[in-house]
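The values are calculated or read from the model by the stated rules, or taken from the named source; none is laboratory data. What you see is a predicted model, and the numbers here were worked out from it, not measured in a lab. Here the Cβ positions follow ideal geometry from the backbone for every residue, glycine too, while neighbour counts run over all protein chains shown. Surface accessibility is based on the protein's heavy atoms, side chains included, excluding ligands, DNA and RNA. Shrake-Rupley method; radii C 1.70, N 1.55, O 1.52, S 1.80 Å.
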Amino acid sequence: MALPQPQQYPFGYMRARILPIIFAVTVLILQSCSHKRQVYKSECDDGVAFKKVSFNHLMDSIENYDRQYIEVSGKYEEGKELSALFNDNTLSGAAGDDALWVNFNPDCPLYLAGTRHGLFEYNDGQFTQLNNRSVTLRGRIDVHNKGSHKRCKATIDRVSLVSL
């Protein structure tokens, strides 16, 4: 007497049953890992075209961008007499020729997109932390302003966007 054999399913049947489960698990994992960017905008300079430039290119040819409106990304650092943007890929600690002074202007208040929550306001029990974070900034370059104690290569003035 022969023992009953387990039922054999064709490979296509198994794949049709398992693939949706794998897909659903992958989507859940990716959603849990996503970090929603916080974008703070100002109505200053609405309608102005901003040129997106890399940090390295901006530092190498800063004179060409004087009085130009740009968008640049880097690591923001703040402290006593320090408000500067550095290259994300380098270690910093003090402003210098590799830094861009960041001049936030009270005439251009920055609000979280879709709200009236200001960047420098106390919200949800805390202030927005910018220090040592990668940010994208939009503003106007001023090569004649070198920042506090003239330690930076230039200043990004009239900051009208901060994306964290």
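Between ALA99 and LYS153, the built amide H atoms are under 5 Å apart, and every one of these is 5 or more places off in sequence or on another chain.
How about LYS41: which lysines have a C-alpha closer than 22 Å to its C-alpha, ignoring those fewer than 8 places off in the same chain? List returned: LYS51, LYS52, LYS75.
In this label model, GLN68 and LYS150 are separated by 2.5 nm, measuring between points 7 Å along each Cα→Cβ vector.
Within the straight-line cut-off of under 19 Å between alpha carbons, the aspartates and glutamates reachable from LYS146 are ASP60, GLU63, ASP66, GLU71, GLU77, GLU78, GLU81, ASP97, ASP98, ASP157, sequence neighbours fewer than 8 places apart in one chain being disregarded.
Skip the ligands, DNA and RNA, and give the accessible area per residue of segment 39-163 with a 1.4 Å probe, whole Å².
Values: 6780 Å² over 125 residues.
Using a 1.4 Å probe on heavy atoms only, each residue of segment 39-163 averages 54 Å².
When a 1.4 Å probe is rolled over the protein heavy atoms, the share of accessible surface on segment 39-163 that falls to carbon and sulfur comes to 45 percent. Summarising the label geometry, the points placed 7 Å from Cα in the beta-carbon direction at GLN38 and LYS51 lie 3.2 nm from one another. When the Cα convex hull of segment 39-163 is projected onto planes of every orientation, the mean area is 7.5 nm². With the contact rule set at Cα under 8 Å and sequence spacing of 6 or more, what percent relative contact order holds for segment 39-163? This gives 35 percent for segment 39-163.
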